[in-house]
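Below is one structure, written out as structure tokens; comments come after it.
The values are calculated or read from the model by the stated rules, or taken from the named source; none is laboratory data. The structure displayed is predicted, hence computed values, not measured ones. FYI the Cβ positions are ideal-geometry reconstructions off the backbone, even for glycines, and counts take in every protein chain you see. Calculation scope for accessible area: heavy atoms of the full protein, side chains included, ligands and nucleic acids excluded. Shrake-Rupley method; radii C 1.70, N 1.55, O 1.52, S 1.80 Å.
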Amino acid sequence: MKILTVSGYKSHEIGIYKQSDPAVKIIKKAIKQHIEAKVGEGLEWVLVSGQLGVEMWAAEVVIELKDRFPELKLAILTAFEKHEEKWNENNQEMYQQVVLEADFVDAISKKPYQNPQQLKNKNLFHLTKSDGLLMIYDEEKEGSPKFLWEMARDWSKINEYSVTQINFQDLQWLVEEDQLDKDSSIVD
């Protein structure tokens with residue numbers, strides 16, 4: 001796998017409203033573990049569409065990993081031009097900082113938002129340009145990732161395409177693992 005798309009929930013869909021929320025650390029840890037394993041197998045590019053939440057956290061993880069893996073590259077391929085235009089100032093600043101450190105940034109549609117077809121086109125574009133998808137998604141909590149998730153599962157049935165899901169139980173195991181690590185360091 002040379003190119004991996006990473007996606008998942010927008011932050012507000014899972015009740016995260018601050019970067020300091022402890023859940024962000026756990027989600028980033030899950031993404032980091034997966035990407036590190038894939039870099040060892042030849043991963044070169046991570047693609048995101050630049051949405052707030054899982055995608056921006058994944059972009060931050062890739063930027064952090066570039067110190068250890070300089071061959072790893074980040075591409076932000078948004079659905080449409082100026083997709084961050086209506087975000088609050090803090091989110092726009094965070095996005096611009098990530099954009100500055102990305103290796104490639106472009107919009108799939110060269111127009112501002114016009115209709116939901118642009119989002120569908122973005123999903124299809126990401127699937128056709130990558131070898132696999134890492135998705136933070138749980139079928140029990142539907143949200144915007146549902147559309148890409150279903151499209152990717154269908155895509156993988158007719159194409160050689162890897163679909164990896166990290167669900168809420170996986171994240172809970174990471175929380176418990178962190179707690180065990182903290183408890184054992186107290187005992188030592």
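Taken over the stretch 127-152, the criterion of being open to solvent by less than 60 Å² (accessible area, probe 1.4 Å), in contact with a helix residue (DSSP H, G or I) (Cβ under 7 Å, 6 or more places away or on another chain) and not in a loop (DSSP other than H, G, I, E, B) is satisfied by LEU127, LEU133, LEU134, MET135, ILE136, LEU148, MET151, ALA152. Of the numbered criteria (1) in contact (Cβ under 8 Å) with a residue 40 or more places away in the chain; (2) over 20 Å from LYS18 (Cα atoms); (3) open to solvent by less than 10 Å² (accessible area, probe 1.4 Å), the one LEU72 fails is (1).
Does LEU180 satisfy being at pLDDT 95 or above, at negative phi, of a type in the set (A, V, I, L, M) and surrounded by fewer than 15 Cβ atoms within 10 Å (Cβ to Cβ)? No: the conditions fail for LEU180.
Scanning the stretch 42-76 for residues that are in a strand (DSSP E or B) and touching a His at 6+ places or on another chain (Cβ under 7 Å) yields one hit, LEU47.
Checking each residue in the stretch 35-63 for being open to solvent by 30 Å² or more (accessible area, probe 1.4 Å), farther than 14 Å from ASP131 by Cβ and in contact with a Ser or Thr (Cβ under 9 Å, 6 or more places away or on another chain) picks out GLN51, LEU52. A residue that is buried (at least 16 other Cβ atoms within 10 Å of the Cβ) and touching a residue at least 60 places away in the same chain (Cβ under 8 Å) occurs somewhere in the stretch 105-126.
Sub-9 Å Cβ pairs linking a first residue in the stretch 167-182 that is more than 17 Å from GLY143 (Cβ to Cβ) and free of Cβ contacts under 8 Å to residues at least 40 places away in the same chain to a second residue that is part of a helix (DSSP H, G or I) and of a type in the set (Val, Ile, Thr), at least 6 apart or interchain, are GLN172/ILE26, ordered by first then second residue.
Would you call LYS2 farther than 26 Å from TYR113 by Cα, of a type in the set (Lys, Arg) and either open to solvent by less than 10 Å² (accessible area, probe 1.4 Å) or touching a residue at least 40 places away in the same chain (Cβ under 8 Å) (or both)? When the stated conditions are applied, LYS2 passes them.
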